[in-house]
Every structure is written in structure tokens, then in C-alpha cells.
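Report on the following structure.
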Amino acid sequence: MEEVDVNPTVTNIPAIRHGKHMGFAWGPEDILVYETQFKASGPSLSGPGGSFIHKVRKDEDIHSPILRKLFNESHHIFVGLQTIKEDVPSKSKKPQFVSISRNYRSVIRACMEELQQVAVSTKDTEMATQYGNQVSILLAIELIWNLCEVLFIDAAPAGSLLLHLLDWVRLHNADADEKAKDVLQSDSPAEHHHYWDVVVSYVLQGRLEEARQMLAKQATRQPASRNMYKLMDGLLSKMPFYNPGGTQTLTEFDVKWRNWHEEVDRYLKDNSFSSNYHLELICKILVGDEDALLEQKELLSTWYHFLITRLLYCHPTVKPIELHYYAQSCLTMFLDSRSVQEPLDSILLAAFEFDIYLVIKDCSIVLNNWWFVAHLTDLLDHCKLLHSHNLNFGSNMREFLLIEYASGLFTHHSLWQCAVDYFDHCPELGRACLELQIERVPLDTERKALKVLRICEDRQMSEQVRSICKIMAMRALRNNRLGSALSWSIRAKDAAFATLISERFLQDYCTKGTFSDLDLIDNLGPAMLLSDRLTFLGKYREFHKLYGEKRFKEAAKLLLSLMTAKIAPRSFWMTLLTDALPLLEQKEVIFSADQTYELMYCLEELTSSLDTAAPGADSPMQEQDVEQTKVELLRLSLARNLAMAIVKEGTVDT
Amino acid sequence: MESAKYVSLKISKTRWRPVSHSSLQQPDIFATGSWDNEDNKVSVWSIGDPGSLGLEDGFEGDPQLICEHKHDGDVLDLQFLDQERIVTVSSTGAVTIFRHHQNSQTVSVSQQWPRAHRYPCDDAPGTGVACSSPEIVTVGEDGRIIVFRADHEGVVRVIENADSSTLHAVTYLRTTEVLTVNSFGQLKLWDLRQQNNSPSQVLSLSGDRVPLYCVDRHPNQQHIVATGGQDGMLCVWDVRQGSMPFSLMEAHSAEMWEVHFHPTNPDHLFTCSEDGSLLHWETASPSERPSFLQGGGSSSMTSRSAMAPAGGNQSIMSAWLCGDPSKSRLETTHMLPSQTLSVNSLDVLGQCLVCGTDGEAIFVNRQVPV
């Protein structure tokens, strides 16, 4: 097993008494911890321990309101990235990828600025430190991302590489500009105590135009050294910079640069600047003197600044593969015995070595959530920079990181919706993970359930649709909202549940004698066909309506069909036959002879099944009597109706 | 062109604060409600005047948060009762009136009816609210319609079991009539003057009973109503005639959450949906007559329009009721720059449109072409 690179941090649970043993259980993104009665030695006490369960969360960022904006905006960019067409060759997509990378970075910067503002304005010192920490982490993230963009995505060749790296360093070194602002705003800039710092910083960052402008102020003050300043100005203006878009080739530029370098060296050796300490220092820097550069540690502030400056003035045509030699040596030179190599330094070093995997691995360990590595890996994967580096669990690294990130999002009460898109773009395991997670989203309101259902339906996750609809329908049923329950089972096309609900309706009818929720039953429409019981309910209600409208013939026909077509459940036949009684007793013959025969057949079927069913000792005698009476009444009415029907049909109208 | 303002809360409702009709001002203040958060909030935002300090020429300023207040449960509907008061219904079933104090720029709870919507042993979320100051009507998942009066302690009237399924939205048709939509695709008209608890009229689609989630009434012609539901179809109904919708138009590929007629320019309609799009519908009336003569403007025409049969005199009837969308010129434009997560709510007033999404973003457009 690999050694852990970083010592794990210890978190104290304040509410658990000292010395007590803790029990724990893993959650998706947290641990539940509780106090136990366990004793390492001696008998354990029985009885309850502490009555609290503590939830320990590792990732606080996800719950910070400002960082949430980062998650949402980057989600938007992520989805846009996935929709870039695959058929276009990678080369022409490079500017697109670079611009997407810049979008991500601008989102990070916006977040950082907001956090900075809040950190400054808050009065709570603990919050201020927390915000301050978050700001520095975001700074580091943006630094790493920018470097990855320069080295991996933009992948500039020798010549342009240094220019990009110069931009990178300038962007992350705001000190020089702040000092410059102070100096320029003062009454006499040339006498400001930071003046020379500013000039040297400009030179270190390769901003020679600005250095010249600053020097000009000093030159006017010292007319005696005018020649020296003029000489320096000349050297600064003549320094060649590679122009990627121009016609000059790299070798031509190299030759020019070497000539210039020799010229500067000559002037240095001639002691042309020896009378002015600062100008000589600048000259030494221009020549690339390592010791002079190392003296400026404070202005450089970081080893990578030192690296870029050194490359600028010693090897401006550095090739990408040569970078790591210089990087390693600069790091060693810059760090003296007292300072220790920080994780950020090793990550940057890994980047200079073009070891993408090491960069990602180190970042994963250091950062406490997967946001950065997931998005960066995804972008690099789109640039086709990651070889299919198969992990033990069968998926590739990009997918692994995206799933980890999305699973973390899913535990958030609100950000789970963003996570769905991430799972969508993980072809191997995404769907399975989504299926598991989506069922566990708590559904407090119908509106939330509708949104979750839409997500499942769009992805043809019929199992989950059924399960969610069933949960909502059961809840509605428990609260006696039969209409809602029915609408959920219609959505899921759940025939079994629809049957259950119809049973409830019918039970209500039997106990109360009238239908509740008529507005629903009357307007079922095609939904009626979902389940037999539901169809029966609708048709039965129709029968009642026809009866109410005195359309007896049609009502009779419907009633009969309900029994003969076996739509009605056997248990309900008695009720139906009883409903037929008033129709049979009418003066006018409603049931024809054939229909009467059918009714009799139904009655016989019913009674025979009742007889064969073992007469339970628990059914009271009274009920049996009632049943008996009903059956006899029916038989009588049917016989009478049959007689009248036969007579009527046999009569010939003359 | 609008850009997103990310607010770290999923927005369920956005509403402009009403501007007085006499002034020609554009609205500058809107309220939002959030949902699905551990701490939900009702917030008031300002987009400021174009001439105010700090904004460059032509630059659409971001909405600035003025004040906010904690809200218990999801904000499932939000309406401005008047210039200062906002009514919300919550997923806990509570109906709350918030007051926005303009001097101190704070929001406080002015009145609350907790558990107005409820089940016997559970919370029932409220789903819709409509106001006609000082009267407030709310509907909920418990199928109740409740009438309140602002500044009145108790409940004025409850229609129990108004619907066996969930009522999703409510709107005033006339000052004494409200219209509700439910999970069975039915529109029910309720006359609040009547004491019986049954609707005076029920309209529904034939065919599949698709749940309806939103409803809005035409600002000038009170018999025209637009609804949207689960299948994303936009239906326009004529409440006087028959029980069938007049026209059905395919609008969205997922649930339609809100539909709004433009309050002063009703030839324009806006819809937003779960599929992340916001559509602007513009209908051009088929008649050549100038618009001020349409819609029953002059008295001689109103008498005819009251009895106009379907497909009758086109210049009188609203262009929305033409039945065949190809006959009237109907243009649809997407208003959001790109696909987002669900757009939950929109509101339009004057030339300004505001909408909120599940991507925790608010979009404001100050130059809606109406």
C-alpha cells in the first residue's frame, strides 16, 4: 500500500466527553459519530450513552454561498464543453479549448474577488480567516490551472512558450503594480523609496518599456549621469523579443538575441555602469547573472518567478521538454535551508515536468473537494492529452473524478440538479450511479417530485419513475387525496396502484352510499383504461349517471355488460344485481328476455360460488339471512321480468 | 442581451414590484423567492436607474440585493399585494405577508397564517396565490381554496375539498371569480359570492388529462385564459364558450411552469419551462385595422363581440383565439442566450423581463421588444 503523503488532520468532537469511545458510520460524504459505552478494559456499562449523533463533514466549501456560484457557473461551462462536436479535428479546436479554459479561470477569479471583499469587510475574525484561507486556495488553483493551460492546452512551442510563461508570471504578481501605483502617485516618483524596487521588478518581469519610462524620470534628475542612462535605455530598447506571428524564424531570433546578450556583457565587463549600483544591478540581470537574480529574492518572491526570469535572460528559446531541468535547479537554488518545499511547489514542478498524472494526483490529495481536478481532467481529456490510463475499477481517470465530484454534489440539498449533468457525461458508470442517487433525493413537495421525474423520464429510467410515483401516490393515499394518488399512478402507468385506488373509491361508495370526488371519476377520460378496476369504476359511475338521467335502457345495457364482460369484480356483483332490482321492478319492461336470461345466469354463477365457498363460522346468521332474502327477491323479480318480457316480445302489434 | 447573476439560491419565483399606471416608469425593483435550500429566503433586488451613479453608459447593471428575509420552507408562490407587501405560500403550508420597509430597506414578516394548508397529520404545501388587494386567495396540495383578507386575523373562507387532486395555480378572472387548474387538466371556475362549495364551471381537454401547472388571464379580455402543463403545450381557452380549449400550441419539451400575458401589450405572451427555455410569443392580429379599434374598444363593437361566434369577425376577437396558429402570424423567440437548467419563473412589466432558474441564476432583460 502506498504511503500517505500528508498526515491526516485530527478533528475533535467537542460534545463527546473526553476518554469515551466513539462509534461511527460512513455516509456518502460524511461520517456519523456517536458516543458509546465501550471501555477498553473492564466491563462495559449498560444503558444509554450520549444522546446525540454528530455529523462530521469534510467538505465545507460546498456549503459556502460564495463558492456555490463557482459550482453553478462551472457547471454551465462544463455542459457547453461537452457539446463541442467530436468530428472536427483537434487542432482547430485548440482556440476553443483555450477560451473554455479562460472561462473557467475567470469564474475562479470572480469568486476569489468576491471572497476577498467579504473577508475584508467581515467583523468576525474566525470567518475572516476562513475566507482568507479560501482565497489563498483559489489563488493557488488559478495559478496551477493557468500553468496547465499554458503548458498542456495551449502547448506553445519554443519561443512562444516563454512569452506565455511571462504572461503567466505577470498575472500572478500584483505586487509590482501596486508599488508602481504608489510611486507614480507620489510627488517625486524618482525619490520614492520603492522607486528602484519598481524598476527592478519591471526588468525581472521583462516589462522593459515600462522600465524605460520609469528610468527616464531618474535620468532627468541626474543630468550628470545622462550618458549612462542613455546607454541603459538603449540596451533595454534593443532587447529582442520573439514574435510568433512574424517572419523571423526561431534561429534568426536566437542569433539576434545572442548578439544583444554579448553587447550587454561587454558593457558590464567594461564597467560602464560601475558608478551606479542600481544600473549595474540591472545590467547584471539583463545578462542573466544568477547571483544577481538570487539577491532579488524578495522582489521575485517565488521560485517560479525566478525560473521565468532566468529563462528570459539566459535561454529565451527554451523548449518545453527542457523546462523541467531548469525548474528543478531553480527550485533548489531558490529555497534555502530554512524554507520547506510546499505542496504547491511540487505540483508546479510536476507540471513543468509535463507529468499530468502527478499534477492531478497531488491536487486531489491537497484539496478537499474534487471540483478542480474533475474539471481540469475533463478539459485535458477533451484535448486528447490523457491516454486511456485504466484504473482498477474499470473506468478511466476522467470518469472516476467526475463521478466522485458529482457524488459529492448529490449529497448537497440543492446542488444535486447540477450533478445530474455530470453523470450524463460519464458513459460507463454514470447512468448506474445516477439511478442509485436519484431515488434518494428527498421529496417534500410535488414540484420537486415532478422535477426528479422529468430527469428520470428523459433518461428512460422507468424503474425509478415507478418507484418515485409510488412513493408520492402512497403519501397522497395516506392523506386521503385519492385524486392526487390516481394522477401519480397514471403518470407511472402503474395498473396495480390504480386498482388499489379504485378499490378505495368503491369501498367509500359502499360505506357512504355516494361517490366522493365525482369531479375526478366523471372526468377520467382515457386514463380509465389503465386498470380494469378503474374502468369499472368509471363505467359504474356512468351507469349511475344514465340512471339519474332516466335513460333506463342504456343504463340496463351498461349494467349487464359490466357483468358479462367480466369488468366488474365478483365481489361487487351482488351490489350490481341489487342495483338492477329497481330496473326490473319498473312498469315498463327494460330488460329484454335475453338480457334477463343473462342476469339469471350471473345470479346463478354468483350463488353457486358463494355456496361452494366454505360457510365460515364467523359469518353471523343474520348476514346469511339477508343474503338469502336478497337472492330470493332477485329471483322473484327476474322471473316476473322474464314473463313480462316474453309476453312483450311475443306480442305482435296489429 | 442579458447576462446571468448567480445568487447561490435556486430561484422558484420572481415578481416585479408593480409600478403605478400613471407614471411611465420602468420597473426597477423585483422580489425573488428561493426553494430547495436549507435556509430559504425572500429577497428584494434593485436594477437601479440607468442614470444612477456607478453605471457606465449602456451597461446593464447587475441586480443588487437590497434586503432579504428568512423563509420557512420553499417559496412555492409569491405575489405583490401592493407596493409594499409581498404574499408567499410555503411548502410548510403557511401563508405569509412580508412588508418591505423602503426607508430602512428591510423586510419583515407582517402577518402569517401558519399551516393554512394542511393534512390531518402532515404538512401540505401551498402551491399558488392570487391577490386582489386586500383579498388573497391561495390553493394547495390539500385541494383547498382559502380566502384571506390582509390585516384580518382569521381566514375569511375555506372551500374544503375543492378538488380531489392537487390545485397547482389560481388566478382572478373577475373580482369575485377565481380560476384554478389541477393535476387532472381541469380548469375550474369558482364564484366566491356563492356559498356552495362546487365550481360554477369546469373545463378540460379531451384526450389525455395532462396536469396543468400555470394559468394566466388576458389583461383586457377576461374570457381568454392561457394555461400550460406537463406536456409543455400552450393552451388558450375561451371561458364563455364550451369546455374545450380554443387553440393548442406545442411550446416546450418539458413542463411549462409559468405563462404570462404582457400586462399592457397582450399580443405578447411569455412562457418558461423545465427544459430551460423562455419563449416570447408574439401574435399579429390578422385584421388591417389599427390596434386601438380592436378588442372591443369602441362601444358599437363591444355589443357585437359579446355574441361573436367562433371564427367570427376576426377584427374583434383576439388574435389568440384564431384556433389555427398558421392563420395568425405567430412568432416565437427564445429569450435566453443558451440552455440552462429549468427556468422556474418569469415576470414581465413594461419593457423589463426577469426570470429565475434552477441554475441559481437570475436574468434581467431591460429591452424586451414589445
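The values are calculated or read from the model by the stated rules, or taken from the named source; none is laboratory data. Here the structure is a predicted model, which means the values were calculated and not measured. Note: ideal-geometry Cβ built from the backbone for every residue, glycine included; neighbour counts use all protein chains shown.
Which of the residues that make up region A:528-564 are in a loop (DSSP other than H, G, I, E, B) and either surrounded by 18 or more Cβ atoms within 10 Å (Cβ to Cβ) or within 53 Å of the chain's Cα centre (by Cα) (or both)?
Residue satisfying the conditions is A:S531 alone.
Enumerate the pairs (first residue in region A:640-652 and under 10 Å from A:L584 (Cα atoms); second residue anywhere and in a helix (DSSP H, G or I)) with beta-carbon separation below 8 Å, excluding pairs fewer than 6 apart on the same chain, so at least 6 apart or on different chains.
If the second residue must be in a helix (DSSP H, G or I), the pairs left are A:R640/A:L584; A:N641/A:L584; A:N641/A:T596; A:L642/A:A593; A:L642/A:T596; A:L642/A:Y597; A:L642/A:M600.
So which of A:S516, A:S487, A:S502 is touching a Pro at 6+ places or on another chain (Cβ under 7 Å) and either among the basic types (K, R) or under 16 Å from B:F184 (Cβ atoms) (or both)?
The unique qualifying residue is A:S487.
Please verify whether B:G61 is more than 14 Å from chain A (Cβ to nearest Cβ), modelled with pLDDT under 90 and within 23 Å of B:V343 (Cβ to Cβ), treating the condition exactly as stated.
yes
Could you check region B:357-370 and list, in sequence order, the residues that are under 17 Å from B:S43 (Cα atoms) and more than 14 Å from chain A (Cβ to nearest Cβ)?
Listed by number, the list holds a single entry, B:V364.
The conditions are (1) buried (at least 21 other Cβ atoms within 10 Å of the Cβ); (2) under 24 Å from B:E258 (Cβ atoms); (3) within 14 Å of chain A (Cβ to nearest Cβ), and B:T138 fails exactly one of them. Which is it?
Status for B:T138: all satisfied but (3).
Exactly one of (1) modelled with pLDDT of 90 or more; (2) in contact with a His (Cβ under 6 Å, 6 or more places away or on another chain); (3) of a type outside the set (A, V, I, L, M, F, W, C) is unmet by B:T333. Its number?
Against the list (1) modelled with pLDDT of 90 or more; (2) in contact with a His (Cβ under 6 Å, 6 or more places away or on another chain); (3) of a type outside the set (A, V, I, L, M, F, W, C), B:T333 comes up short only on (1).
Condition (residue is of a type in the set (D, E, K, R) and modelled with pLDDT under 90) applied to region A:419-428: is it met by at least one residue?
yes
Give me the pairs: first residue in region A:169-181 and of a type in the set (S, T, N, Q), second residue in a helix (DSSP H, G or I) and crowded, with 16+ Cβ neighbours inside 10 Å, beta-carbon distance under 7 Å, and six or more apart or on different chains, which are they?
A:N173/A:H305
Would you check which residues across region B:116-134 are surrounded by fewer than 23 Cβ atoms within 10 Å (Cβ to Cβ) and assigned to a strand (DSSP E or B) and list them?
B:R118, B:Y119, B:D122, B:D123, B:A130, B:C131, B:S132
If only one of B:L279, B:L234 is at pLDDT 90 or above, assigned to a strand (DSSP E or B), buried (at least 18 other Cβ atoms within 10 Å of the Cβ) and in contact with a Gly (Cβ under 6 Å, 6 or more places away or on another chain), which one is it?
B:L234
Any idea which of B:N103, B:N161 is out of contact with any strand residue (DSSP E or B) (no Cβ under 9 Å at 6 or more places or on another chain), more than 12 Å from chain A (Cβ to nearest Cβ) and not acidic (D, E)?
Only one candidate passes the filter, namely B:N103.
Can you tell me which residue among A:E435, A:E446 is over 28 Å from B:S90 (Cα atoms) and not hydrophobic (A, V, I, L, M, F, W, C)?
Every option except A:E435 fails the conditions.
Would you check which residues across region B:335-356 are among the hydrophobic types (A, V, I, L, M, F, W, C) and away from chain A (no Cβ under 13 Å) and list them?
Residues satisfying the conditions are B:M335, B:L346, B:V348, B:L349, B:C352, B:L353, B:V354, B:C355.
If a residue must be over 31 Å from the mean Cα position of the chain (by Cα) and of a type in the set (F, W, Y), how many such residues does region A:449-498 contain?
Total satisfying the criteria: 1.
Could you say which residue among A:I501, A:I471 is part of a helix (DSSP H, G or I), surrounded by fewer than 17 Cβ atoms within 10 Å (Cβ to Cβ), more than 8 Å from every other protein chain (Cβ to nearest Cβ) and modelled with pLDDT of 85 or more?
Every option except A:I471 fails the conditions.
Could you list, in sequence order, all residues of region A:474-498 that are under 19 Å from B:A162 (Cα atoms), of a type in the set (A, V, I, L, M) and either more than 12 Å from chain B (Cβ to nearest Cβ) or in contact (Cβ under 8 Å) with a residue 24 or more places away in the chain (or both)?
A:L477, A:L482, A:L486
Counting only residues that are away from every other protein chain (no Cβ under 11 Å) and in a helix (DSSP H, G or I), which one in region A:509-527 is surrounded by the most Cβ atoms within 10 Å (Cβ to Cβ)?
Step by step, filter region A:509-527, then rank; the result is A:Y509.
From B:V178, B:V147, B:V137, B:V107, grab the single residue that is assigned to a strand (DSSP E or B), over 24 Å from B:C214 (Cα atoms) and either touching an Asp or Glu at 6+ places or on another chain (Cβ under 7 Å) or among the aliphatic types (A, V, I, L, M) (or both).
B:V107
Need the failing condition index for A:W573 against (1) within 57 Å of the chain's Cα centre (by Cα); (2) under 22 Å from A:D522 (Cβ atoms); (3) in a helix (DSSP H, G or I), just the number.
(2)
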